[in-house]
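Peer 1: Sending over a structure as structure tokens; questions will come in a sec.
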Amino acid sequence: MSEVCQLDCGSCGSDCADRTKQQTDFTEQPHHLSNIKKVIGVVSGKGGVGKSLVTSLLAVTMNRRGHHTAILDADITGPSIPKAFGIKKKAMGTDTGIIPVKSVTGIDIMSINLLLENDTDPVVWRGPIIANTVKQFWSEVIWEDVDYLFIDMPPGTGDVPLTVFQSIKVDGIIIVTSPQELVSMIVSKAVKMAQMMNVPIYGIVENMSYFKCTDCDKEHKIFGESNIEKVAEAHGIKVLAKLPMDSRISASCDAGMIELIHENYLEEIAPLLEV
Ligand SMILES: Nc1ncnc2c1ncn2[C@@H]1O[C@H](COP(=O)(O)OP(=O)(O)OP(=O)(O)O)[C@@H](O)[C@H]1O
């Protein structure tokens, strides 16, 4: 540190410990009234594979097991969480901070669509502004007594997910894929990004893994045989669950009733998160 530190590295040439710290630690603090026990990021190497659905189902599962859960919708340009939970109310801002909206079963939710006047308005913002909005959802929203905060991460491995990883201390991530040809490359990208960011990986959820015929009860692999086990093994991670392609799922999302869905599709993941 220079002899009289003005807390302004821009005008100071001293190569001190404080400068090094400022250059490498980009972590944002949560709101001082927030109390979050575990933060779990849900990521996908590409869009449209069901990342928001898996985030929603994880929050529902943990909530059903008696934990207070919350969702931070960091998918700013494609926010689909409020629709899946049928939330029409807007989030409230107070002098102290922003209050998330509670779903029917008590899951706290924050999403850009809970701030926009019209939820069909597109968010046409540049990367840094989008990343800043996510940071604000972390630092300015009051996440009160949350056991599990699930973050629906922006898809891909670009600028925005990177900034989010740098700013929010995530306890672990879950990677969502669908059984398609490019899965190996897509998973590799997500795994490498997590490793670069030093974030532990819980494992992979394969969505739209199969379709179960209601007439013959047979499972059909619509996208062909999956090689997810091999891909997971190659990266030393686990396949946590395989979700069927099920019209009841899309119907529940469309009707805003995802938390009232009867099936507990991701129940087997819960004990791992509870450790
Ligand atoms: N297993 C499934 N069975 C039936 N419908 C599904 C399933 N998974 C996802 N869907 C439907 O597919 C659509 C896209 O899913 P979702 O929004 O979760 O994808 P996403 O990966 O978050 O997309 P994006 O990256 O663009 O935000 C939704 O309408 C959802 O209801």
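The values are calculated or read from the model by the stated rules, or taken from the named source; none is laboratory data. Because the structure is predicted, anything quoted here is derived from the model rather than measured. Glycine also receives a Cβ, built like all others from the backbone with ideal geometry; neighbour counts cover every protein chain displayed. In case anyone asks, the SASA skips ligands and DNA or RNA and just uses the protein heavy atoms, side chains included. Shrake-Rupley method; radii C 1.70, N 1.55, O 1.52, S 1.80 Å.
Peer 1: Collect the residues in region 171-181 that are more than 14 Å from the ligand (Cβ to nearest atom) and more than 15 Å from the chain's Cα centre (by Cα), keeping them in residue-number order.
Peer 2: Passing the criteria: only E181.
Peer 1: Let me ask you something else. Only one of (1) surrounded by fewer than 18 Cβ atoms within 10 Å (Cβ to Cβ); (2) in contact with a Lys or Arg (Cβ under 7 Å, 6 or more places away or on another chain) is not met by A232, so which one is it?
Peer 2: So A232 meets the others, but not (1).
Peer 1: Mind telling me which of the residues G127, G158 ends up being in contact with an Asp or Glu (Cβ under 6 Å, 6 or more places away or on another chain) and without any contact (Cβ under 8 Å) to a residue 40 or more places away in the chain?
Peer 2: The unique qualifying residue is G127.
Peer 1: Identify, from the list G106, G93, G66, the residue that is surrounded by fewer than 16 Cβ atoms within 10 Å (Cβ to Cβ) and at pLDDT below 95.
Peer 2: The unique qualifying residue is G93.
Peer 1: Quick check on my filter: what residues within region 235-270 are open to solvent by 70 Å² or more (accessible area, probe 1.4 Å), of a type outside the set (D, E) and in a helix (DSSP H, G or I)?
Peer 2: Those that are open to solvent by 70 Å² or more (accessible area, probe 1.4 Å), of a type outside the set (D, E) and in a helix (DSSP H, G or I): S247, R248, L260.
Peer 1: So which residues in region 145-170 are more than 11 Å from V42 (Cα to Cα), away from the ligand (no atom under 16 Å from the Cβ), open to solvent by 10 Å² or more (accessible area, probe 1.4 Å) and assigned to a loop (DSSP other than H, G, I, E, B), if there are any at all?
Peer 2: D145, K169
Peer 1: Continuing with the same structure: Right, A84: touching a Cys at 6+ places or on another chain (Cβ under 6 Å) and modelled with pLDDT of 95 or more or not?
Peer 2: Against the criterion (touching a Cys at 6+ places or on another chain (Cβ under 6 Å) and modelled with pLDDT of 95 or more), A84 qualifies.
Peer 1: Out of region 183-226, which residues are within 13 Å of the ligand (Cβ to nearest atom), among the small types (G, A, S) and not in a helix (DSSP H, G or I)?
Peer 2: Passing the criteria: only S209.
For every residue, the table says whether it meets (1) in contact with a strand residue (DSSP E or B) (Cβ under 6 Å, 6 or more places away or on another chain); (2) more than 9 Å from the ligand (Cβ to nearest atom); (3) of a type outside the set (K, R).
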| site | (1), (2), (3) |
| --- | --- |
| E28 | no, yes, yes |
| I36 | yes, yes, yes |
| S44 | yes, no, yes |
| V49 | yes, no, yes |
| V54 | yes, no, yes |
| M62 | yes, yes, yes |
| R65 | no, yes, no |
| T69 | yes, yes, yes |
| A74 | yes, yes, yes |
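Peer 1: Please work out which one of (1) surrounded by fewer than 19 Cβ atoms within 10 Å (Cβ to Cβ); (2) β-branched (V, I, T); (3) under 20 Å from E274 (Cα atoms) is the condition I99 fails and give its number.
Peer 2: (3)
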